[in-house]
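Below is one structure, written out as structure tokens; the observations come after it.
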């Protein structure tokens, strides 16, 4: 396949992806009250083999070919899949940088005790239930998980995937509801931020341990800790200097540091998204960071991120879920995810003195897995920790929990003070 053919195919894919995301995004917002990013998750599945591939298999394969035939017998990955993968990874790196930029540590400091309680429960309960799901139903399923890996590592991975919260989706739901400056808003934001940090740390440990070689795992863990420490100290000073002394070149210099961080964390055996996220967290919050975010976020979310959803959708094969036992595991995974996250966060919020409605609202918001859940699943699939079948099961869980968040929150939440009432109607 020539370079020109690759370019033309990518342009066709870009047109299909962007039009489909906008159309389904409008339909979701108009008739279902869903956010654009939520509908893009669904669009990725629709454009894959699960829907488009069933309705028009030849057209779908022409636009998004996954395999190519070499000679008469040998089937290999189509070159266009590599292009989609690279574009999707660039989207992830840029997106996670923006997530780091939006992580305001002052939220955590403001409600640190309550946030720790809600976050700990929101991580611990679904994590434990996820581990029980693994040992009870998945331990011997070589068709779903890598049998060559340690059961403990696999259990931790399943638990981490169950524990994640979609912090960016969470933030947007809270801002759309106008409750970002209320107790429920700041408490949920800080709990969600701490949840994601804990879940990413668990995933980093799993990826390090999955290498099978203790020295490689040690290098990954120590390298990751050193990277975080350097970025939050010396790196922050460098970024502060760039902001103060080189504002005119800040965008380019920050991009260099961003891609260095992504390259370094991937090189040591964790994943590029960790480096991008930490660089975003280290960036001083101010006018320059807002300008950089304003330039990167529209490009990341409007162009690159939809390709990540499509790449995930191409690996999501609902037709692979064959058999009553497989669907039972899918339903159990969904139930464990909802009960663990909503129940754990609800109980912790009640223990911190929140009302029944406020506590349930927090639990419903924290239950959204969104894109963060898909990132963890894609990493697991790339690292051969999970199979396409289990990937599909968990993608369904991520989509359903994300779809439930906005309508349930609007139904349950009621302002309980004059300040919250004013914020909600601002």
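Coordinate-derived values only; no laboratory data. Just so you know, these numbers come straight off a predicted model, no measurement behind them. All Cβ positions, even for glycine, are placed from backbone atoms using ideal geometry, and neighbour counts span all protein chains on display.
On the beta carbon distance between residue 68 and residue 150, with R0 = 45 Å, the FRET formula returns roughly 0.80. Packing, taken as the mean count of other beta carbons within 10 Å per residue, orders the peptides 297-309, 45-57, 122-134 from highest to lowest as 122-134, 297-309, 45-57. Once the chain from residue 142 to residue 291 is taken as fully extended at 0.36 nm per residue, the excess over their C-alpha distance is 48.8 nm. Available extension along the chain between residue 218 and residue 54 is 54.5 nm, counting 0.36 nm per residue and deducting the alpha carbon span. Rg over Rh for the chain works out to 0.96, using Cα positions for both radii and the Kirkwood form for Rh. Under the criterion of Cα pairs below 8 Å and six or more residues apart, the relative contact order for segment 138-266 equals 20 percent. Here, segment 111-183 yields an orientationally averaged convex hull projection of 6.3 nm² when only Cα atoms define the hull.
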